[in-house]
């Protein structure tokens, strides 16, 4: 007599029933274990990348721009409009650069602090 043994996948591993708690400083994200150093490093990378991209964009805007002085009304009206448009864009980007720069500095200090705190815990 043949007995039906169920599906064709292997049986589950035998567990002792105790739940495994990784500890307060470990987080699971998308099935990956992340500790405080990984989270701080990820935050630092995102903030620093945003800061660098904003600085590159601001540099690109002002690459060929020089301070211009329009002494008479016969000056090229088109170049004055271009100049004002570039200044408007730079004035929008400048506070973002300062904000992301400050946040990147704080994230750097946070990253070093978290790394040192976790290193001290191991010794």
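Each row is one residue, and each column tells you yes or no for (1) surrounded by 11 or more Cβ atoms within 10 Å (Cβ to Cβ); (2) modelled with pLDDT under 90.
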{"position": "24", "(1), (2)": "no, yes"}
{"position": "38", "(1), (2)": "yes, yes"}
{"position": "49", "(1), (2)": "yes, no"}
{"position": "54", "(1), (2)": "yes, no"}
{"position": "75", "(1), (2)": "yes, yes"}
{"position": "80", "(1), (2)": "yes, yes"}
{"position": "87", "(1), (2)": "yes, yes"}
{"position": "118", "(1), (2)": "yes, yes"}
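Check residue 65 against each of (1) out of contact with any helix residue (DSSP H, G or I) (no Cβ under 9 Å at 6 or more places or on another chain); (2) at pLDDT below 80 and name the one condition it does not meet.
(1)
Residue-wise test of (1) under 22 Å from residue 55 (Cβ atoms); (2) in contact with a helix residue (DSSP H, G or I) (Cβ under 7 Å, 6 or more places away or on another chain).
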{"site": "84", "(1), (2)": "no, no"}
{"site": "95", "(1), (2)": "yes, no"}
{"site": "98", "(1), (2)": "yes, no"}
{"site": "104", "(1), (2)": "yes, yes"}
{"site": "110", "(1), (2)": "yes, yes"}
{"site": "114", "(1), (2)": "no, yes"}
{"site": "120", "(1), (2)": "no, no"}
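The values are calculated or read from the model by the stated rules, or taken from the named source; none is laboratory data. These numbers come from a predicted model, not from an experiment. Counting neighbours? That spans all protein chains shown, and the Cβs are built from the backbone with ideal geometry, glycine included.
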